[in-house]
Amino acid sequence: QSVLTQPPSVSAAPGQKVTISCSGSSSNIGNNYVSWYQQVPGTVPKLLIYDNNKRPSGIPDRFSGSKSGTSATLGITGLQTGDEADYYCGTWDDSLSAWVFGGGTKLTVL
Amino acid sequence: EVKLVESGGGLAQPGGSLSLSCAASGFTLSSYEMSWVRQAPGKGLEWVSYISTSGSSIYYADSVKGRFTISRDDAKKSLYLQMNSLRAEDTAIYYCVRALRWSGLSFDYWGQGTLVTVSS
């Protein structure tokens with residue numbers, strides 16, 4: 001059971017928009033910055049979003065992040081088949097003194 | 001180019017030990033916080049341990065506390081994970097990860113990983 005809760009799966013058609021939620025508590029998301037990671041099957045995880053809503057160099061602006069209270073959201077617009085992957089949120093948890101990941105969300109582009 | 005190359009994975013018996021290493025290149029290791037993250041076969045990401053620059057702050061996941069030890073040698077440009085009292089549930093790919101700290105912490109570069117299998 002992950003400290004951060006993500007939906008197991010989401011799906012949408014090519015060209016559409018999808019959002020992935022990440023729910024936590026005051027000790028983690030509520031008091032710390034959130035990052036998001038993409039893991040295409042068979043590859044290494046890649047940083048998509050850091051500090052809630054910032055994109056590293058090379059990440060297209062189709063990917064966006066937001067945070068409100070104890071929840072965070074990853075948004076992906078203009079879906080492409082190459083976006084099919086597992087997506088993870090993560091943040092520091094002050095109560096656990098540990099980094100925590102969400103359980104991951106599998107994105108299917110139909 | 002930032003590169004993180006893990007080594008030391010393999011087969012270990014329950015109760016045994018393994019020592020992982022991570023060779024860092026393309027950046028100044030001493031300036032960065034580092035972590036180990038693992039992924040069991042077919043499962044999600046699980047953070048294992050964190051070490052600050054200079055090694056003054058270290059944290060572990062409850063699942064490995066007291067059994068694993070993280071360390072670093074900046075002169076050798078290397079990060080380490082000593083794993084003792086191994087259990088079947090420690091079977092996973094272990095990733096060496098560079099931590100990026102702007103306002104908060106995130107993990108910006110990941111190694112290719114090394115597979116640890118714990119089985120009799």
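Please treat every number below as a calculation from the coordinates, not as lab data. Being a predicted model, the structure only gives us computed values, none of them experimental. Virtual Cβ from ideal backbone geometry, glycine too; neighbours counted across all protein chains shown.
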> Of everything in region B:1-24 that's surrounded by fewer than 16 Cβ atoms within 10 Å (Cβ to Cβ) and in contact with a Leu (Cβ under 8 Å, 6 or more places away or on another chain), which residue is farthest from the other protein chains (Cβ to nearest Cβ)?
Replying inline: B:Gln13
> With region B:36-82 as the region, which strands (runs of 3 or more DSSP E) entirely inside it contain at least 3 residues that are within 17 Å of B:Ser19 (Cα to Cα)?
Replying inline: B:45-51, B:68-73
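If you check A:Ala98, A:Ala72, which single one turns out to be touching a Ser or Thr at 6+ places or on another chain (Cβ under 8 Å) and buried (at least 19 other Cβ atoms within 10 Å of the Cβ)? If you could, list the steps in order and put the result at the bottom.
Numbers: A:Ala98 fails: touching a Ser or Thr at 6+ places or on another chain (Cβ under 8 Å).
Going through A:Ala98, A:Ala72 in turn, the sole match is A:Ala72.
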> Mind checking which residues of region A:13-42 are more than 11 Å from chain B (Cβ to nearest Cβ), in a strand (DSSP E or B) and among the hydroxyl-bearing types (Ser, Thr, Tyr)?
Replying inline: A:Thr19, A:Ser21, A:Ser23
>> If I ask for residues that are closer than 13 Å to B:Leu45 by Cβ and not small (Gly, Ala, Ser), which ones from region A:73-90 would you list?
In response: A:Asp86, A:Tyr87, A:Tyr88, A:Cys89
> Regarding A:Tyr87, is this residue facing chain B (nearest Cβ under 10 Å) and either aromatic (Phe, Trp, Tyr) or at positive phi (or both)?
Replying inline: no
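Could you say which residue among B:Arg87, B:Arg38, B:Arg98, B:Arg72 is in contact (Cβ under 8 Å) with a residue 24 or more places away in the chain and more than 14 Å from the chain's Cα centre (by Cα)?
Values: B:Arg38 fails: more than 14 Å from the chain's Cα centre (by Cα); B:Arg98 fails: more than 14 Å from the chain's Cα centre (by Cα); B:Arg72 fails: more than 14 Å from the chain's Cα centre (by Cα).
Result of the check over B:Arg87, B:Arg38, B:Arg98, B:Arg72: B:Arg87.
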> Which residue, of B:Leu45, B:Leu81, B:Leu29, is free of Cβ contacts under 8 Å to residues at least 12 places away in the same chain, buried (at least 21 other Cβ atoms within 10 Å of the Cβ) and not basic (Lys, Arg)?
Replying inline: B:Leu45
>> Just the residues that are farther than 16 Å from B:Trp47 by Cβ and under 12 Å from the mean Cα position of the chain (by Cα), please, taken from region A:17-50.
In response: A:Val18, A:Thr19, A:Ile20, A:Ser21, A:Ser23, A:Gln38, A:Lys46, A:Leu48, A:Ile49
> Just for region B:48-65: of the residues that are without any contact (Cβ under 8 Å) to a residue 12 or more places away in the chain and of a type in the set (Ser, Thr, Tyr), which one is surrounded by the most Cβ atoms within 10 Å (Cβ to Cβ)?
Replying inline: B:Tyr59
